[in-house]
Amino acid sequence: MLGRTTSGHAVGWMESIDAAAGEARLLLFDRPPTWRTKQTSDSPFSRLVKLPPHEGGQRLIAEVRVQFALKTDQYGTRPTNHVSALHLEFTEPVLEQKMHRFPWTKVLTAARAIVRARDVDTRAAWQKATEASWPLLPEAYRPDKRRPGRPRASPERDREVALIYNQAVLEGDRAPALRVAQALGVKPGTARGYVRRARLRGFLQPAEPGRAG
């Protein structure tokens, strides 16, 4: 377990929310979000919707704000790797002797990756920021802890992959294959394989030149 409150809830999922320049704001939950398909009146296609925490069974454990020192040079003002301020607020009291179990290194690594991605705004940086949350997954949700062997290929799986992927593209996601990985609880490399198979079977359009995933 990576960190617990006095009631025994482990930190198992992390999401980034809007923050000021050089700052990362992270919400820490006990488990990954729940996704559901939803039919909308303005479209004949179903879309994938992430349920709010209270509907999907997620419990908010804490909010972390990490501020990185800024440096100004001839290229402008950019964040450095040095932490200038940190604020941690738990939703429930935490015993002092349990604080050493909090995943400080993983949280700070993810915060640094998120701030850098906002600064340089490249696909590689955003992919690294997204994947930085994987080490926070508890054992039951870690992709490398799944049972040996790949899930059996099926039209239903290909349709599910296509639905998740297309929804991510519609929302402007720079790395839609990573959205597939998060929604299905698999490694990013496995998700990219799902996407390729869905394309080969006609569930997704051929990839556009220059588009990731």
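Bear in mind these aren't lab numbers, they're just calculated from the coordinates by the rules spelled out. Just so it is clear, the structure is predicted and the values come from calculations on it, not from any experiment.
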Practice item. Identify all lysines with a Cα-Cα distance to Lys187 below 20 Å; exclude those on the same chain that are fewer than 8 residues away in sequence. Key: Lys50, Lys106, Lys128, Lys145
Study note, to complete from the structure: For the stretch 163-174, in residue order, the Karplus 3J(HN,Hα) values (coefficients 6.51, -1.76, 1.60; θ = phi - 60°; whole Hz; Gly and Pro = x) are 4, 5, 5, 5, 5, 5, 5, 4, 7, x, 5, 6
